[in-house]
Amino acid sequence: MAAEPSEAPVLDTLAAMTAESVARCGLDANSLIAARIAALVAVDAPEVSYLAHVGPAMDAGVTVEQVQGILIAVAPIVGTPRTMSAAAKITEALGIIIIAAEAELEAELEAEEQAG
């Protein structure tokens, strides 16, 4: 029996692959995110890849200091250009999250003002 068609088949496939990887890896959430961040650095992933990991990283308790430590640890292996590229992309992803959070807070405050 064929699966129902999806409106986002690529995202659905990536989500399924991620869920299977998480289920099988045996790592705690913090270690899993650290490994994923290191892999993203190694492949010079785009900002959107880091953006997809911000929420899970926060949920796992990953700190800015840990991310810096990961960048320091992989720098001798991946090189300065990839390390600097990753630092910029991580900063960009965090900036997007901050902008989104600020917009959400402003919308909530506006709604409260209109209701009250």
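Quick note: the coordinates plus some simple rules give every number you see, no bench work behind them. Predicted, not measured: the structure shown is a model, and the values here were computed from it. Every residue, glycine as well, gets a Cβ built from its backbone with ideal geometry; the counts of neighbours run over all protein chains shown.
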What is the distance in Å between the Cα centroid of region 46-80 and that of region 4-35? 17 Å
Tell me which of ILE33, GLN114, GLY79 sits at the most positive position along the dipole axis of region 26-115, charges placed on C-beta atoms (Lys, Arg +1; Asp, Glu -1). GLY79
Looking at [x] -0.66; [y] -0.41; [z] -0.57, which value of log10 I(q)/I(0) by the Debye sum over Cα atoms at q = 0.12 Å⁻¹ comes from a calculation on the structure shown? [z]
If the only charges are +1 at each Lys and Arg Cβ and -1 at each Asp and Glu Cβ, what is the size of the charge dipole of the chain around the Cα centre, to the nearest 20 debye? 960 debye
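Below 8 Å between Cα atoms, with a sequence gap of 6+, how large is the relative contact order for region 26-115 in percent? Don't skip to the end; give the middle numbers.
Details: 57 pairs, mean separation 32.9, N = 90.
For region 26-115, the relative contact order is 37 percent.
Which value at 222 nm does the chain reach when only helices count, each DSSP H run of 4 or more adding -39,500 (n - 2.57), with the total divided by all residues and rounded to the nearest 500 deg cm²/dmol?
Numbers: 5 runs with 95 residues, N = 116.
Here the helix-only value at 222 nm equals -28000 deg cm²/dmol.
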Karplus ³J(HN,Hα) for region 66-71 (6.51 cos²θ - 1.76 cosθ + 1.60, θ = phi - 60°; Hz, whole; x = Gly/Pro) runs 5, 4, 4, x, 4, 4
Note, ³J(HN,Hα) from phi for region 10-19, Karplus 6.51, -1.76, 1.60, rounded to Hz, x at Gly and Pro: 5, 5, 4, 5, 4, 5, 5, 4, 5, 4
